Amino acid sequence: MNPPGLTTACAAMLRRDLTLAWRRRGDIAMPVLYALIVTMLFPFALGPEDTLLQRIAGGVVLVTVLLAMLLALDAMFSSDIEDGSLEQLVLAPQPLALMLAMKILAHWLTTALPLIVIAPLLAGMLHLPTAVMPVLVLALLLSTPMLSLLGAILVALTAGTRRSGMLLALMLLPLCVPVVIFAAGAVAASQQGLPWLAPIAWLGAALVLLLVLAPLACAAALRIALDA
C-alpha cells in the first residue's frame with residue numbers, strides 16, 4: 001500500500017489534533033479564564049484611573065496572553081510521547097518538520113486563537129481606545145504564532161523530561177522579550193498617533209523566518225530528545 005499523499009497526511013494530522021483538543025475542551029478554556037482573571041485584577045490593584053489603565057493596556061494584554069499560552073505549552077507533545085505516536089511520527093515517510101508544523105498550527109488554533117478573540121474584551125476592560133484595537137489584534141496575530149513556534153522548539157528539546165514546565169518558562173521568556181517589545185511598541189505608537197507599521201513589519205519578517213526554520217529545528221530537537 002502506498003503511503004498517503006503529503007496534503008492528505010497534513011490534513012489528517014491537523015484534524016486529529018483538533019479532534020483531541022475538542023475532547024479536552026476544559027484545557028482550552030483554562031488559558032482564557034486565566035487571561036480574564038489576570039486582566040480583571042489590574043483595575044483593582046491600580047485603581048480606576050482611565051489614563052493609567054489606557055497607558056498600560058496594550059502591554060498588559062500582550063503579557064497576559066503570553067503567560068496564558070505558557071499554561072498549555074507543556075502539553076504540546078506530552079500525550080503523543082505517552083501513547084508512543086510521536087515515535088511513529090518520526091518513522092513516518094512524510095517529512096517530520098511538516099508534520100510537526102501541523103501540530104504547532106493545531107496548538108495555535110486551540111490556544112492562541114481563543115485568546116486573540118477575547119483580546120478586545122480584555123483591552124476594553126482596561127479602557128484601551130477603540131481605534132487602537134485593530135493594531136492590538138494585528139500584533140497578536142503576528143506575535144502569538146512566533147511564541148508557539150519558539151515554544152515548540154523548547155518543548156521538543158525537553159520532550160520526555162518530567163516537570164519541564166518551569167524549565168520551559170525560564171528558557172522561553174528571554175526569547176519572547178523582543179516579540180513583546182515590538183508588539184507593545186506598535187500598540188503604544190498607535191495610541192500616541194505615531195507610525196506603527198515599522199514594528200509590525202519587523203514582527204512579520206521574524207514570523208516568516210520562524211515559519212521556515214522553527215519546524216526544522218523542532219524536528220531536529222525532537223530526534224535528539226528521543227534518542228537520548
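The values are calculated or read from the model by the stated rules, or taken from the named source; none is laboratory data. In this text the structure is predicted, and so the values were computed from the model without any measurement. Virtual Cβ from ideal backbone geometry, glycine too; neighbours counted across all protein chains shown. Only protein heavy atoms, including side chains, enter the accessible area calculation; ligands, DNA and RNA are left aside. Shrake-Rupley method; radii C 1.70, N 1.55, O 1.52, S 1.80 Å.
Criterion first (in contact with a helix residue (DSSP H, G or I) (Cβ under 6 Å, 6 or more places away or on another chain), within 18 Å of Leu96 (Cβ to Cβ) and open to solvent by less than 60 Å² (accessible area, probe 1.4 Å)) does Ile200 satisfy it?
The answer is no for Ile200.
List every residue pair whose Cβ atoms sit under 8 Å apart, with the two residues 6 or more apart in sequence or on different chains, where the first one lies in the range 25-48 and is farther than 17 Å from Leu66 by Cα and the second, anywhere, is open to solvent by less than 40 Å² (accessible area, probe 1.4 Å) and outside any helix (DSSP H, G or I).
Short answer, once both residue conditions are applied: Pro43/Leu126.
For Pro48, work out the one condition from (1) assigned to a helix (DSSP H, G or I); (2) open to solvent by 20 Å² or more (accessible area, probe 1.4 Å); (3) not polar (S, T, N, Q) it doesn't fulfil.
(1)
Only one of these conditions is not met by Ala152: (1) of a type outside the set (Val, Ile, Thr); (2) more than 16 Å from Ala72 (Cβ to Cβ); (3) not in a loop (DSSP other than H, G, I, E, B). Which number is it?
Ala152 satisfies all of (1) of a type outside the set (Val, Ile, Thr); (2) more than 16 Å from Ala72 (Cβ to Cβ); (3) not in a loop (DSSP other than H, G, I, E, B) except (2).
Going by the conditions given, is Ala21 closer than 26 Å to Leu210 by Cβ and of a type in the set (A, V, I, L, M, F, W, C)?
Spelling it out, Ala21 is indeed closer than 26 Å to Leu210 by Cβ and of a type in the set (A, V, I, L, M, F, W, C).
Could you say which residue among Leu216, Leu222 is surrounded by fewer than 18 Cβ atoms within 10 Å (Cβ to Cβ), more than 15 Å from the chain's Cα centre (by Cα) and in a helix (DSSP H, G or I)?
Leu216
How many of the residues in the range 1-40 are closer than 24 Å to Asp74 by Cβ, open to solvent by 70 Å² or more (accessible area, probe 1.4 Å) and at pLDDT 85 or above?
Final tally of qualifying residues: 6.
Taking interchain pairs and intrachain pairs at least six residues apart, which have beta carbon atoms under 7 angstrom, with the first residue in the range 60-78 and farther than 11 Å from Val180 by Cβ and the second open to solvent by 10 Å² or more (accessible area, probe 1.4 Å) and assigned to a loop (DSSP other than H, G, I, E, B)?
Phe77/Ala159
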